[in-house]
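First the structure, in the form of structure tokens, and then the observations on it.
Readers should treat all values here as calculations from the given coordinates under stated rules, not as data from a laboratory. Fair warning: this is a prediction, and the values are worked out from it, not measured in the lab. No Cβ is skipped: glycine too gets one built from the backbone with ideal geometry, and neighbour counts run over all protein chains shown.
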């Protein structure tokens, strides 16, 4: 029994092995990423054993909506205050630029 091996056969064998190693490495990296990203066991167990969310009573719902309305009103006040302050600072910066330009230098 004779086995003939030439350069072409060796190249094909190397290519085949490299494909197999690449696929194995990709699967291994995927497994490592999965193990690093998944939550710890105690958190998974806590999620599984958690009681279902309870229903809100109508009074609690009204209180929550009142709270949301108050928060939106406060946010509107804060946005106006920030807008006024940024407008003032822009005006000050323009005034200081004008003062620097009129410092007596001849252009």
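Short to long, the 5 Å bins of the Cα pair-distance histogram for the stretch 1-48 hold 4, 17, 11, 12, 11, 9, 9, 7, 6, 5, 4, 4, 2, 0 percent of all pairs. With both labels modelled 7 Å from their Cα along Cα-to-Cβ, the residue 33 to residue 57 distance reads 5.0 nm. Per-residue extension of 0.36 nm, minus the Cα-Cα distance of residue 4 and residue 49, leaves a gain of 9.7 nm for this segment.
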